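Okay, here's the structure, questions in a sec.
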Amino acid sequence: MRGRGVPWVSYLVVAVGAVLTMVPFLDMVMTSFKGPGEAGTLPYRFLPSAFDLSNYRAAISQLNLPLLFRNSVVVTAAITCSVLLTSSLAGYALAKLRFPGRDFVFRLVLATMMFPPFLFFVPHFLILVHWPLAGGNDALGRGGAGLTTGIAALAVPFLVNGFGVFLTRQFMLSIPDEVLEAARIDGAGEFALWWRVVLPQTRPVLLTLGLLTFVDAWNEYIWALLISTANPSVMTLPVGIQLLQDHLDPTRTTPVIMSALVLSTLPVLLLFLLLQKHYIRGVMTSGLK
């Protein structure tokens, strides 16, 4: 029986990996129900002595939850929709259109993926500060704060994503050129080809990209903290949760923070569960095996 593996070994490895992955999340949930002084004590107790919702009530009362959720939803939705639109258009152009400099443009897109995002925070901030005719600026971008005091500043630097362009381009390369040529013979223009032929076939990878973009935008902290220091009304959930600990009883800080984190994680968790099948299919068929 050479060549036959032992199935239970694979199942055991997968089960152990799943448990190790779930332990931090379960610990966060259990800690959110612990009472004052229970978190961080030795010997460590995984389960709370009593399941109480007082930590959730404290988190909601201390946080301006409707405002934070609104800001996070608006910013995340704007970034996700923009990334899907720009990535699908650019990916189609780089995969199916022939024009001078196409390969060079694609290499520039790949180059943007080699640098950490925070490296561009200073240039982004300077561009937003000197945005013409916004925030008291004149036509030359002088005299005011530009876009840095509005909620648009949270989204503008992330509206285009090099990884999204790469991902959609790789997927679109697998679409037969004969299908597009047949549509062109029938009189379809490039926009019609993109909308009616290419997009329906790229739905799995677009859903995958949308989910990844949603998670990144929802959890963005450093840039949101930088912008919200000038205008607290544009504060998002990650920033609000981090600042929450400054206003809590020290004996309840950890459980209340964990309660807020559970609330902020629920939208991402529900979205992933709904799109799990499409996410896996998109990753497997986009050249990222």
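No lab work stands behind these numbers, since they all come straight from the coordinates. Quantities reported herein were computed from a predicted structural model and do not represent experimental measurements. Positions of Cβ are backbone-derived with ideal geometry, glycine not excepted, and every protein chain shown enters the neighbour counts.
Within the P(r) computed for the chain, what percentage of the Cα pairs occupies the region above 26 Å?
59
A further question on this structure: Using the alpha-carbon atoms, what tilt in degrees (0 to 90, nearest 10) does helix 203-219 show relative to the longest principal axis of the chain?
For 203-219 against the chain, the angle is about 40 degrees.
Another one. On a 0 to 90 degree scale, rounded to 10, what angle separates helix 102-112 from the longest Cα axis of the chain?
10
Near Tyr56, within a Cβ-to-Cβ distance under 14 Å, what is the net charge of the other residues, with Lys and Arg +1 and Asp and Glu -1?
Once all neighbours under 14 Å are counted, the net charge is +2.
Once the Cα gyration tensor of region 42-152 is found, what semi-axes does its equivalent ellipsoid get, as square roots of 5 times the eigenvalues, in whole Å, sorted largest first?
40, 26, 15
Additional query: For region 148-274, just run the numbers: alpha carbon Rg, then divide by 2.2 N^0.38 Å, N being how many residues it has.
Its radius of gyration relative to the 2.2 N^0.38 Å reference: 1.51.
Right, another one. Stretch Val9-Gln62 to full length: gain in nm at 0.36 nm per residue minus the Cα-Cα span?
Stretched out fully, the Val9 to Gln62 stretch lengthens by 14.3 nm.
Putting +1 on Lys and Arg Cβ atoms and -1 on Asp and Glu Cβ atoms, find which of Met113, Leu67, Tyr221 reaches farthest to the positive end of the dipole of the chain.
Met113
Also, I was wondering about something else. Once fully extended, how much extra length lies between Leu140 and Arg107, figured as 0.36 nm per residue of separation less the alpha-carbon to alpha-carbon distance?
So the chain would gain 8.7 nm between Leu140 and Arg107.
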